[in-house]
1. Which order do the peptides A:142-148, A:58-64, A:83-89 take when ranked by the mean count of other beta-carbon atoms within 10 Å per residue, highest first?
2. Within chain A, which whole H helices from DSSP have a Cα span along their axis of at least 15 Å and a mean Kyte-Doolittle hydropathy of 0.5 or more, if any?
3. Leaving out ligands, DNA and RNA, and with a 1.4 Å probe, what % of the accessible surface on the protein assembly as shown is carbon or sulfur?
4. Would you work out if segment B:6-57 is rounded, prolate or oblate? Take a ≥ b ≥ c from the square roots of the eigenvalues of the alpha-carbon gyration tensor; rounded if a/c is under 1.5, else prolate when a/b is larger than b/c, oblate otherwise.
5. Could you tally the net charge around A:Ala12, taking each other residue with its Cβ under 10 Å from the Cβ of A:Ala12, Lys/Arg +1 and Asp/Glu -1?
6. Note down the relative contact order for chain B as a percent, whole number, built from C-alpha pairs under 8 angstrom at least six residues apart.
7. Please work out the average accessible area per residue across segment B:1-82, using the 1.4 Å probe convention, and give it in Å².
8. Check each residue of segment B:60-82 and keep those whose accessible area, probe 1.4 Å, is at least 30 Å² smaller with all protein chains in place than in the chain alone; give them in order of residue number.
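The values are calculated or read from the model by the stated rules, or taken from the named source; none is laboratory data. In this text the structure is predicted, and so the values were computed from the model without any measurement. Cβ: placed from backbone, ideal geometry, glycine included. Neighbour counts: every protein chain shown. For accessibility, only protein heavy atoms count, side chains too; no ligands or nucleic acids. Shrake-Rupley method; radii C 1.70, N 1.55, O 1.52, S 1.80 Å.
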Amino acid sequence: MGKVARQVVEAAGINVNELLTKLVAAAGAEFTTFYYYTILRVNSIGLEGEGIKEIIEDARIEDRNHFEALVPRIYELGGKLPDDIRPFADQAGCPDAYLPDTLGGVAAERRGAGRTTFGEYPGRQPSSVQDLLTVLVEAERCAIRTYTDICHYTFGKDHRTYELALAILNEEIEHEAWFSEFLGEGPSGHFRRGSPGVSPYVARYMTADVGRQ
Amino acid sequence: MEPWRDEYVHVMPAAELAPGQLHELQAGEHRVVVGRLLSGEPVAFQALCPHEAASLVEGHFHGPAIDCPRHHYLFDVHSGDNLFPLPLYPMWKRAQVGDLRLGRFPATEREGWIVIARNPYSEPFDRPPER
Ligand code: FES
């Protein structure tokens with residue numbers, strides 16, 4: 001914990017305990033999103049699904065990076081992660097990003113009708129990639145609301161948390177744009193990451209050095 | 001006396017409610033959040049989130065939806081419907097969660113005042129859920 005680091009934030013008029021609640025909730029959301037994106041990514045198959053696998057991977061690793069970047073700030077301010085992961089997951093600031101029905105149904109319901117010499121190929125319902133992208137884009141929109149809120153809360157008062165939240169916000173906005181563009185919601189301004197999960201904005205806050213070359 | 005005076009409660013001067021703002025107040029037996037959408041329309045709804053009872057006055061409008069500050073669920077302030085995340089949930093999870101609706105109160109502006117109906121569109125929930 002940084003004693004003066006906390007005092008100056010308090011002196012600036014921030015309720016540090018409330019801020020810590022927001023930061024732990026944000027860290028929880030990143031951690032659970034990393035988990036759920038792992039499931040979404042492995043289910044992103046087929047001609048269309050394989051095409052979006054790389055950006056799901058970028059977003060997945062960058063969300064893990066966000067968790068890594070948030071944790072030191074939580075402890076600097078005198079906070080902590082819950083000892084038990086279950087309440088940590090429950091207090092996550094965004095809901096769980098479940099596999100949609102069109103991908104997560106009982107295997108038998110997803111099978112194609114036609115038999116082949118190898119048995120039945122697993123069928124995929126026509127909207128499954130759209131449904132997957134919708135789950136992803138809405139998860140990113142939730143993250144944007146989360147970090148916008150933390151930016152508003154800390155602006156001009158807690159400079160270090162503000163800069164960190166702003167860096168994460170920048171990446172969440174890019175993630176939203178990627179998925180939104182794949183949904184065809186608007187023209188694309190999307191450039192590839194140099195390598196998966198490179199975190200161009202957040203990397204400088206990461207002490208664990210994951211996801212970087 | 002105007003008929004609406006019996007049915008409505010004057011809650012605050014209209015000039016004190018700017019677009020995007022939210023205020024929490026007691027109206028009759030209910031804790032209510034009164035807000036003004038960016039379109040200028042006044043709206044009123046239950047003060048506690050139907051999910052886990054966070055204070056909605058700390059939330060923000062996103063279009064016609066209120067964004068709860070705790071888990072960022074979105075509720076349509078006109079219909080009370082949950083816009084996020086319920087529509088995205090698979091059936092098994094929806095069955096677990098059940099219905100999540102925001103209790104609303106008809107709200108309007110009369111003679112420089114925000115007035116809201118005494119009777120909600122749906123029973124609001126004023127207490128945290130029993131656990
Ligand atoms: S308490 Fe409002 S979204 Fe969870």
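1. So the peptides A:142-148, A:58-64, A:83-89, ranked by packing, come out A:58-64, A:142-148, A:83-89.
2. A:16-42
3. Values: 9000 of 16970 Å².
About 53 percent, which is the carbon plus sulfur part of the accessible surface.
4. Oblate, because a/c is 1.5 or more while a/b does not exceed b/c.
5. Computed value for this residue: -1.
6. Value for chain B: 27 percent.
7. 43 Å²
8. Checking the loss per residue gives B:His60, B:His71, B:His72.
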